[in-house]
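> For reference, the structure I am asking about is given below.
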Amino acid sequence: MKIVYNYFGDDYMDIFCKIINGEIPSYKLYEDEIVLCFLDINPDTNGHCLIIPKKHYTDINDIDLDVLKHIFDVSKKIKKLLEDKLNIEGLTYIQNNGDVQEVKHFHLHLKPYYRNNEKKPVEEIYEILTK
Ligand code: 5GP
């Protein structure tokens, strides 16, 4: 069953709403009733991923605190996955708002840090993370 969570109006859904509704594919790492985590299509580093709420919130101003807490709980699972599979040596959390936010659907970036690391294609990283 497809669940439409995120209408602003009849004809507008942001790109992350479309990912949630399965209209646009993504490299999913984790999903539950409240959130989805998937690899960033244009990663800064290997394993750069985003955690988004399934319900539409624009940014830090309108997101519910219990959803925010859940996002951070899930981020710990993803951190462990990145450590186990990609041997990351650090992890930066980023959450943009306003003019620096490209996609107006709340998302938390998890950006791994490596002392030395050669960038690999997203498909290859997805294979490593999910095998
Ligand atoms: P922001 O600047 O809004 O915090 O970052 C948005 C992020 O979403 C960017 O890192 C960008 O690469 C990523 N992004 C934009 N469109 C898509 C998409 O269709 N799929 C995926 N997986 N990531 C996307």
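The values are calculated or read from the model by the stated rules, or taken from the named source; none is laboratory data. Note that the structure is predicted; figures quoted are calculated from it, not measured. FYI the Cβ positions are ideal-geometry reconstructions off the backbone, even for glycines, and counts take in every protein chain you see.
> Pull up region 109-119, narrow it to residues that are surrounded by 15 or more Cβ atoms within 10 Å (Cβ to Cβ) and over 21 Å from Lys69 (Cα atoms), then point me to the one that is modelled with the highest pLDDT.
Ranking the candidates gives Tyr114 first.
> Then there is this: Go through (1) loosely packed, with under 14 Cβ neighbours inside 10 Å; (2) out of contact with any Lys or Arg (no Cβ under 8 Å at 6 or more places or on another chain); (3) modelled with pLDDT of 95 or more for Phe16 and report which single condition fails.
Condition not satisfied by Phe16: (1).
> Further, regarding this structure: Scan region 46-59 and give yes if some residue there is at pLDDT 95 or above and exposed (fewer than 12 other Cβ atoms within 10 Å of the Cβ), otherwise no.
Within region 46-59, not a single residue is at pLDDT 95 or above and exposed (fewer than 12 other Cβ atoms within 10 Å of the Cβ).
> Just for region 90-125: of the residues that are away from the ligand (no atom under 14 Å from the Cβ) and free of Cβ contacts under 8 Å to residues at least 40 places away in the same chain, which one is nearest to Lys28 (Cα to Cα)?
Here the residue is Glu124.
> Scan Ile51, Ile78 and give me the residue that is under 17 Å from Asp14 (Cβ atoms) and either of a type in the set (Ser, Thr, Tyr) or not in a loop (DSSP other than H, G, I, E, B) (or both).
Ile51
> Could you count how many residues in region 63-75 are in contact (Cβ under 8 Å) with a residue 24 or more places away in the chain and outside any helix (DSSP H, G or I)?
1
> Would you confirm whether or not region 96-108 contains a residue that is over 20 Å from Lys55 (Cα atoms), modelled with pLDDT of 95 or more, among the charged types (D, E, K, R) and not in a strand (DSSP E or B)?
So far as region 96-108 goes, yes, one or more of its residues are over 20 Å from Lys55 (Cα atoms), modelled with pLDDT of 95 or more, among the charged types (D, E, K, R) and not in a strand (DSSP E or B).
> Considering only residues that are within 14 Å of Leu110 (Cβ to Cβ) and out of contact with any Phe, Trp or Tyr (no Cβ under 8 Å at 6 or more places or on another chain), which ones fall in region 31-50?
Result: Val35, Asp40, Pro43, Asp44, Gly47, His48.
> Quick check: anything in region 111-130 more than 20 Å from His56 (Cβ to Cβ), out of contact with any His (no Cβ under 7 Å at 6 or more places or on another chain), among the aromatic types (Phe, Trp, Tyr) and part of a helix (DSSP H, G or I)?
yes
> Which number in (1) near the ligand (Cβ under 10 Å from one of its atoms); (2) among the β-branched types (Val, Ile, Thr); (3) in contact with a Leu (Cβ under 7 Å, 6 or more places away or on another chain) marks the one condition that Ile51 misses?
Only one criterion is unmet by Ile51, namely (1).
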